[in-house]
1. Which of (1) over 21 Å from Val479 (Cβ atoms); (2) in contact with a Ser or Thr (Cβ under 8 Å, 6 or more places away or on another chain) is the odd one out, the single condition Ala531 does not satisfy?
2. For the list (1) within 8 Å of the ligand (Cβ to nearest atom); (2) touching a His at 6+ places or on another chain (Cβ under 6 Å), I need the number of the one condition that Ala594 fails.
3. I'd like to know if the stretch 598-606 contains one or more residues that are modelled with pLDDT of 95 or more, within 11 Å of the ligand (Cβ to nearest atom), farther than 30 Å from Leu432 by Cβ and touching a helix residue (DSSP H, G or I) at 6+ places or on another chain (Cβ under 7 Å).
4. Suppose we filter the stretch 516-570 for residues that are modelled with pLDDT of 90 or more, within 8 Å of the ligand (Cβ to nearest atom), in contact with a Gly (Cβ under 9 Å, 6 or more places away or on another chain) and not small (Gly, Ala, Ser); how many remain?
5. Cβ-Cβ below 6 Å, separation at least six or inter-chain, first residue in the stretch 513-536 and closer than 29 Å to Ala602 by Cβ, second away from the ligand (no atom under 12 Å from the Cβ) and in a helix (DSSP H, G or I): which pairs?
6. I'd like the full set of residues that are over 15 Å from Ser103 (Cβ atoms) and either modelled with pLDDT under 90 or not charged (D, E, K, R) (or both), limited to the stretch 130-143.
7. Could you please let me know if Thr483 is among the polar types (S, T, N, Q) and near the ligand (Cβ under 9 Å from one of its atoms)?
8. What pairs come out if I take residues in the stretch 581-595 that are over 18 Å from Asp512 (Cα atoms) and in contact (Cβ under 8 Å) with a residue 12 or more places away in the chain and pair them with residues that are away from the ligand (no atom under 15 Å from the Cβ) and in a strand (DSSP E or B) whose C-beta lies under 8 Å away, six or more apart or interchain?
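The values are calculated or read from the model by the stated rules, or taken from the named source; none is laboratory data. What you are looking at is a predicted structure, and each value in this text was computed from that prediction instead of being measured. Glycine gets a Cβ as well: all are built from the backbone with ideal geometry, and neighbour counts include every protein chain shown.
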Amino acid sequence: MLLSGRRDLIVAGVLAALALAVAVPAARYMTHLQFSQLAERGQNTLGLAVSALRGELARYRALPALIAQYDTIHALVQDPGDPALVAGVNAQLKEINALLGSSDIYVLLPDGLTVAASNHDGPASFVGESFAYRPYFYDAAEGREGRFFALGTTSLKRGYYFGAPVWVGDRILGVVVFKVDVDQIERTWHGADFRILVTDRDGIIFMSDRPEWRYAAIDRLTPERLERSAATRRYADTELRELPVTRAQGPTGHLMLTVEEGGARTEYLAVTENMAEADWTVKVLMQTRPARFQALVAITALLLLLGVAVLGWHSLQQRRRRMEERLAVQRDAQEMLERRVSERTADLAEVNRRLNEEVVERRATERQLRRTQSDLVQAGKLAALGQMSAALSHEFNQPLGAVRAYAENAEILLERGRIDDARGNIADISLLADRMAELGRHLRNFARKPNARLQTVTVAEVLRDTRPIVAARLREARVELRTDLGPDPIHVRVGTVRLQQVLVNILTNAADAVESLPDPRIALTARQDGARVFIIIRDNGPGVPQAIAARIFDPFFTTKGVGRGLGLGLSISYNIIKDFDGELRVAEAEGGGAEFVIELPAADGDPGDGPGDGGAEGRQGGRA
Ligand code: ADP
């Protein structure tokens, strides 16, 4: 704030100095220019005034000499005492005077006495007056051209006098004088801002458009000058004075006069022309006030213009500064943005790098997992193989042991001749061989043909063919199979024998589960829901605990004792249903027990073209 205040002060100072530096020479120049123009105008006015004066004087200059040649004049100067001659000339002069518009015409005798005059009958008649002291007289009396300007001593009127000698033979017997009124000329001079003066050689004003200035001197009234005027009585008895004027040199080198009048000072620029033939000097005084005012106006305008320019420059400067500030702010913002973007980009790159690392790690882990998985599968396979080997050896060893025992027994019985008993044993051996053959057939199922062709059958047809297979087992378990297949035939596209095998497996498992119950129940329902068919087998046995539900479809998983279950039934069933594009799953039945759901794609009623898998697979059923 303080700084900017001081800066403003400095700026203001510099501007003021600048204004001064411009204003002073500009003022000088403008004044000079105005004064030059003023002087030029003065010079014009002067030229006109001088021309007018010259013209006026020239008009009358030759006239006195002309009149001097008149016979009447000659007669008069030779006999001035003759009243008739005087009266005649008087009348003649009056007539000529009226005709020419001059002030007065009169005739003087060589002693300076007026003998006849145009104003002989007026109140201020010149007749009888002596003008011997006037230069127009004595110049003419000596044969020269007489010229003089003066205030009339008798008439008290200013005039310009021309004198001409009256030659009679080779003698000058008189002088004819012609007085021209200067008031008339003076009256044409009127200007608001200039003065025209006619001064004598002593600087005394004889003519002026300002009556108060008449007979005042613009030069010092020295005694010699006063004496010179008195000698010729140029100004009659008028008291001369000095005009209160100070002189100076103007900017254009012209004479400057400052006149004090009534307490006011008026400055004039003076231009002068000397009219030697009239013995006077014509001056034109131009008032300088308008010129000075013009110069002032011009300078003021210039300064104003300068001020406006400075203001404009200042506002431009300010605008530029504001713009720069705004740009700087924008630049900062952009830089910040760029910085942030690059930071973010770096962050992102870092995140990306970490992600990449993680992906690599994940891949490695995945590979590891796969390896572990395949290891596990391998191990599982081995374990399953071990399990199977144990089960198989158990399954086979038992009947084999029994076969051996029966055979040894039969041998002893035969040795003892007990043929019937031996036959019984051999029949038992045969039974055991059957059982082992059945076991072998089951294992063969693993080598099933999933691509065997399918056919469209109804669920009812499949169930009809399944019933006889499970009938014995159901009877044994004292349970009745209740079925509900809905009102309409439900078509599925399956291998008929394989679907029978699945139903046999599930129904046999259900029979196992409910065997020991007081009211064993197994129900089979089938229904179609859009493009899917659901066959649901429920029992009211103990159900499948959650813990093992996920594992019951694994091969060799069984909860039944050795010799009772192989754990292959559901595993085989699961894969068969998968081959039909279906799904086999277990759930908990409402009110306890197990619920197995076979979901199959529905088929339209078309019986299909393949022979199915009946021939290929043969009838299988019963328990493993
Ligand atoms: P297995 O009958 O030889 O045991 P399965 O694969 O057919 O082999 O069955 C596997 C296991 O699933 C059975 O041991 C039994 O624990 C369980 N299971 C199958 N059906 C039922 C059922 N209806 N109720 C309870 N448990 C069942």
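1. (2)
2. For Ala594, the exception is condition (2).
3. The answer is no, given that none of the residues of the stretch 598-606 is modelled with pLDDT of 95 or more, within 11 Å of the ligand (Cβ to nearest atom), farther than 30 Å from Leu432 by Cβ and touching a helix residue (DSSP H, G or I) at 6+ places or on another chain (Cβ under 7 Å).
4. Final tally of qualifying residues: 3.
5. Ala526/Val459
6. Ser130, Ala132, Tyr133, Pro135, Phe137, Tyr138, Ala140, Ala141, Gly143
7. Spelling it out, it is not the case that Thr483 is among the polar types (S, T, N, Q) and near the ligand (Cβ under 9 Å from one of its atoms).
8. Close Cβ pairs satisfying both conditions: Asp581/Leu600; Asp581/Pro601; Gly582/Glu599; Gly582/Leu600; Gly582/Pro601; Glu583/Glu599; Leu584/Glu599; Arg585/Glu599.
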